[in-house]
Each structure stands twice: as structure tokens, then as C-alpha cells.
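Taken together, the values in this text are just the output of simple stated rules run on the coordinates, not laboratory data. The model shown is predicted, which means the values in this text are computed figures rather than measured ones. Counting neighbours? That spans all protein chains shown, and the Cβs are built from the backbone with ideal geometry, glycine included.
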Amino acid sequence: MSVYEELGGTAAIETAVDVFYRKMLLDERVADFFETVDMDRQRAKQKAFLTMVLGGPNNYAGKDMRSAHANLVGRGLNDSHVDVVIEHLASTLRELGASEAQIASVAAVANSARADVLSR
Amino acid sequence: MARLVCDGRELSLQPGQLVIDALADAGIGVPSSCRAGACQSCLLQATRGRPPAESQVGLKESLRAQAFFLACQARPTEDLEISTAGAAKLDVPARIASVERLAAEVLRVRLEPQLPFAYRAGQFLTLLREDGLARAYSLASLPSERLLELHVRVIPGGQMSAWLGGASSVGSAVRLRGPSGECCYLPGLSQQTIVLVGIGTGLAPLWGVLRDALAAPHRGPIELWHGARTPDGLYLIDELTALQAAHRNFRYHAYALESRGPTDVALGRLDEVLLAASPSFAGRRVYLCGDAPLVQLLKRKVFLAGASLQEVHADPFVSAK
């Protein structure tokens with residue numbers, strides 16, 4: 001069973017994405033990358049990301065991660081920002097009641113996207 | 001390079017150019033207002049080829065299936081043949097039944113559709129004058145009412161509001177396109193707290209949503225916050241005060257940003273008074289309508305204050321360009 005299913009599937013993701021997005025906007029280390037007029041579209045992207053790293057049903061491929069973040073790399077996106085995302089991903093899952101083992105496995109999946117996100 | 005053919009005539013299309021600009025360059029006028037993909041005034045139909053996906057965002061499924069798209073969002077990358085007549089066939093003819101002044105800068109315009117115009121309270125339509133001038137307005141009426149009601153802000157130099165407020169508009173024939181929008185009351189969660197926030201004529205859709213919710217009946221608390229730049233922009237004060245007296249679960253708050261003279265109206269920034277009154281928006285359903293920059297600011301603030309984005313219905317009014 002995936003962490004996605006263990007945490008409660010779609011309903012849990014809807015809660016998780018709001019919590020996660022709020023953490024991003026409130027953290028000045030990464031907030032600029034998440035500021036947008038179209039918050040619903042930003043939320044949809046984050047939902048796709050969370051669904052992917054939790055092992056839920058998704059169509060999010062590494063190539064999409066690469067092209068989606070290419071312009072952010074130009075704006076200075078680097079390893080430290082990916083670290084912040086993984087940090088908030090972990091605390092979001094902790095708030096939702098995930099175990100440390102589940103969090104570690106999700107963080108490992110998120111980490112595996114690092115090279116694509118940073119266009120390496 | 002992509003070819004663009006409109007009503008059988010081939011037009012020059014530069015790479016990356018918008019269909020609406022290519023049409024203008026060729027001297028083909030189509031209705032247009034916001035140029036931001038919101039108002040749907042510039043709806044066109046593709047008769048051959050596929051409209052770019054981004055030009056169909058926000059359109060009803062039935063319109064997408066018939067290859068309708070928004071000219072202001074379409075940068076064709078493949079050959080496209082389009083028709084300007086397709087959208088007009090969707091329009092409902094109507095007559096301007098009355099125009100009255102609700103406040104110094106707000107008109108109440110009532111329309112009598114000549115064919116059934118189905119909508120839900122809180123949606124918006126595009127009003128087209130006979131010459132093609134188009135503007136989007138929210139519906140303030142309820143579907144059960146015979147006449148449609150719009151609240152029109154009188155904008156200095158505004159073509160449509162000047163015409164509506166002038167002597168000759170009543171009785172005129174117009175066309176209605178739409179409706180669109182999701183700023184509607186959702187039955188089913190009748191205990192939830194509903195927060196309605198309108199800026200200026202952003203009160204229009206909320207006047208519909210509020211009465212729809214009270215009639216449902218919605219059992220949970222309903223708050224309506226109306227803000228305007230000056231006390232002159234506030235309206236329906238007596239009606240809202242009467243509804244507050246009649247419904248224990250409804251509370252009405254009105255604020256002006258500034259006042260030039262003595263006033264009974266409370267002064268304050270809507271985002272500040274709203275957040276001060278409700279430290280947490282978790283679990284609440286929030287409706288935000290009116291001037292786009294303030295709606296976007298409020299959306300961010302209520303989200304950070306705990307509202308789920310799925311429970312925030314934002315209807316940003318985009319000015320005509």
C-alpha cells in the first residue's frame with residue numbers, strides 16, 4: 001500500500017496541499033517562487049506534486065518537473081530551496097499523522113526529483 | 001507557420017500573435033472587453049483545426065466540445081479556420097427594461113430576456129450592445145425573478161456605463177452571452193459559516209448568492225461585508241439592514257475607505273477589518289467579488305488565515321481594455 005492510500009487518499013491530499021502551500025507562502029526563503037495571481041493553478045500543481053511523491057495515481061513525469069522548473073532555475077532556484085520544500089513536506093505529513101518511516105520514504109521520492117527540478 | 005482563416009478569408013498571422021490582434025489588423029471587429037480570458041466577450045468558434053488549449057480554459061464543457069475558444073487567449077500553432085457568426089447564435093436577445101440609480105456611482109439595470117436565459121444566482125453574463133460593444137456584469141437577480149438585474153459602476157469615460165446611464169438606453173435591444181462563473185451558493189452544507197465579501201459593485205453577485213442562501217434555507221451563520229472607496233459607493237443599505245433584522249443568522253457590515261465629510265458609515269480597509277473580526281477562516285466558505293487586485297489580496301489573506309482554497313470562491317472583476 002502506498003503512503004497516499006495509508007494517509008487516506010484524495011481527501012487527505014486536499015488537506016495536505018492547503019497546509020503545504022500555506023507553509024511555502026509563509027516561508028520567506030521560498031515564498032517568492034510561489035507568489036502568483038492564479039492561486040488555484042498553483043495549488044493544482046502542488047497537488048500533482050504531493051500525489052506523486054506519496055505514490056498516488058498521477059501523470060506527473062520527470063520531464064514535466066524539468067520543464068516546469070526551468071524558468072525558476074533561471075531565477076536562482078537551487079539546492080537550498082529544494083531542501084526547504086522537503087522540510088515543509090515532512091512537517092505537513094507529520095501534521096497529518098504520518099509516521100517517521102512514511103515521511104522518510106516520501107522524502108526519498110521527493111529527493112529523487114532534485115536533478116530534474118534543478119535542470120541537472 | 002500556422003494559417004488563420006476567418007469566415008473564409010485568409011489573414012496574416014505572425015508567430016505567437018493572438019487571434020484577436022490578427023483580426024484587428026485585418027479590420028475585423030469582434031466584441032472584446034477584458035482581454036484576460038475572463039469575460040468571454042471575444043468567444044469565437046473554430047470550424048476546422050483545434051483551438052489552443054489555453055484559449056478554452058474556463059469555458060463550459062459544451063462550448064469546448066463545439067470548438068468555441070477565446071480570441072484574446074489564442075496563439076495558434078497549427079492551422080485554424082474560424083467563424084465569427086458561431087458565437088452570436090448562442091446569444092439571447094433582450095431589452096433594457098429600466099435603469100435607476102442605486103448610489104452616486106452605481107446603476108441598477110434591469111433586462112427582460114426575449115428567450116429563456118438560464119443561470120444560477122451569482123453568475124455573470126456579457127452584455128452586448130447592437131454595435132458589438134461588450135462588457136461583463138454579474139447577475140444580482142434570482143432565476144425565479146422575471147427580470148435580470150445588473151449593478152453597473154459608472155466609470156468616468158466608460159462607454160457602456162455612460163450609454164446605460166444616458167437618456168436613450170431604456171427600451172433598447174441588447175444581446176446577452178453566458179452565463180459563466182462559479183460564484184454560487186452550494187446547497188448541502190447548511191451549517192457552514194459563509195462569509196460574503198463584496199467590493200463596490202462586487203455586491204451584485206453576493207446580493208443574489210445571499211438571497212439564494214437564505215431561501216435554501218442556510219442554517220449556519222452568514223456574514224456580508226461590503227466595502228467601497230467612499231460612502232457613495234455603498235448601496236442596498238436599507239434592504240440589507242432589513243434582511244439582517246429578519247434573519248438571526250445574517251450579519252451585515254459596511255465599510256468605506258475614506259470620507260470627505262461627516263458620515264455614519266464605518267471607515268476601514270476591508271481586508272483589515274475582516275481579518276480582525278475573524279482570526280481563523282478554517283472551515284468557512286468564502287466569496288470574494290469585485291476589483292481584481294483587492295480580491296486577489298483577500299484570497300491570499302483568507303487562505304493564510306486557514307481557509308481551504310477549495311472553499312474560496314473568487315470573482316475578480318477585470319476592467320475593460
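Annotation for B:Trp163 and B:Lys60: the two label points, set 7 Å from Cα along the Cα-Cβ direction, are 2.4 nm apart. Straight-line cross-link partners of A:Lys45 among the aspartates and glutamates, defined as a Cα under 17 Å from its Cα and at least 8 positions apart when in the same chain: A:Glu14, A:Asp18, A:Asp32, A:Glu35, A:Asp64, A:Asp116, B:Glu54.
Kindly put B:Ile237, B:Ile82 in sequence by how many other C-beta atoms sit within 10 Å of each C-beta, fewest to most. Display every interim value, and only then the final one.
Details: B:Ile237 16, B:Ile82 25.
Least crowded to most crowded, the residues run B:Ile237, B:Ile82.
First select every other residue whose beta carbon is under 10 angstrom from the beta carbon of A:Val73; then total the charges, Lys and Arg +1, Asp and Glu -1. Don't skip to the answer; put the middle values down first.
Details: positive: A:Arg66, A:Arg75, A:Arg120; negative: none.
With Lys, Arg at +1 and Asp, Glu at -1, the neighbours total +3.
Taking other C-beta atoms within 10 Å as the exposure proxy, B:Thr230, B:Thr201 rank B:Thr230, B:Thr201 from fewest upward. Spacing of the modelled spin labels on B:Gln114 and A:Glu14, each 7 Å from Cα toward Cβ, amounts to 4.4 nm. The slack in the chain from B:Glu100 to B:Ala26, taken as 0.36 nm per residue of separation less the alpha-carbon distance, amounts to 22.7 nm.
Where a ≥ b ≥ c are the square roots of the eigenvalues of the C-alpha gyration tensor, would you call the stretch B:114-261 rounded, which needs a/c under 1.5, or, failing that, prolate if a/b is larger than b/c, or oblate? Can you show the working numbers first?
On the way: a/c = 2.34, a/b = 1.32, b/c = 1.78.
Cα axes put the stretch B:114-261 in the oblate bin.
Identify the residues of the stretch B:28-45 with backbone N under 15 Å of a label point that sits 7 angstrom from the Cα of B:Ser319 along the Cα-to-Cβ direction, or state none. Answer for the stretch B:28-45: B:33-36. Report the residue, chosen from B:Asp232, B:Asp21, B:Asp264, that carries the largest GNM mean-square fluctuation when chain B is represented by alpha-carbon nodes joined by springs under 10 Å. Evaluated over chain B, the most mobile residue of the options is B:Asp264. Contact order, relative form, for the stretch B:54-157: 20 percent (alpha carbon pairs under 8 Å, 6 or more residues apart, mean separation divided by residue count). Partnerless cysteines in the protein assembly as shown, where a partner means another cysteine C-beta under 4.7 angstrom, comprise B:Cys6, B:Cys42, B:Cys72, B:Cys183, B:Cys184, B:Cys289. Note on B:Ser168, B:Ser259: ascending count of other Cβ atoms within 10 Å places them as B:Ser168, B:Ser259, the fewest first. The angle between the Cα long axis of helix A:39-53 and the main principal axis of chain A comes to about 60°, on a 0 to 90 degree scale.
Once you have a ≥ b ≥ c as the square roots of the Cα gyration tensor eigenvalues for the protein assembly as shown, tell me rounded if a/c is under 1.5, and otherwise prolate or oblate according to whether a/b is larger than b/c. Mind showing how you got there, number by number?
Details: a/c = 2.06, a/b = 1.22, b/c = 1.69.
Judged from the Cα gyration tensor, the protein assembly as shown comes out oblate (a/c at least 1.5, b/c at or above a/b).
Take the residue pairs B:Lys60/B:Lys89; A:Lys23/A:Lys47; A:Lys23/B:Lys301; B:Lys60/B:Lys301 and return only those whose Cα atoms are more than 24 Å apart. Before the final figure, lay out the partial values.
Details: B:Lys60/B:Lys89 16 Å; A:Lys23/A:Lys47 14 Å; A:Lys23/B:Lys301 13 Å; B:Lys60/B:Lys301 29 Å.
As for pairs spanning more than 24 Å Cα to Cα, those are B:Lys60/B:Lys301.
Going by the alpha-carbon gyration tensor, a ≥ b ≥ c the square roots of its eigenvalues, is the stretch B:1-160 rounded (a/c under 1.5) or, if a/c is not under 1.5, prolate (a/b greater than b/c) versus oblate? Cα axes put the stretch B:1-160 in the prolate bin. Full extension of the segment from B:Ala85 to B:Arg269, taken as 0.36 nm per residue of separation minus the current Cα-Cα distance, would add 61.7 nm.
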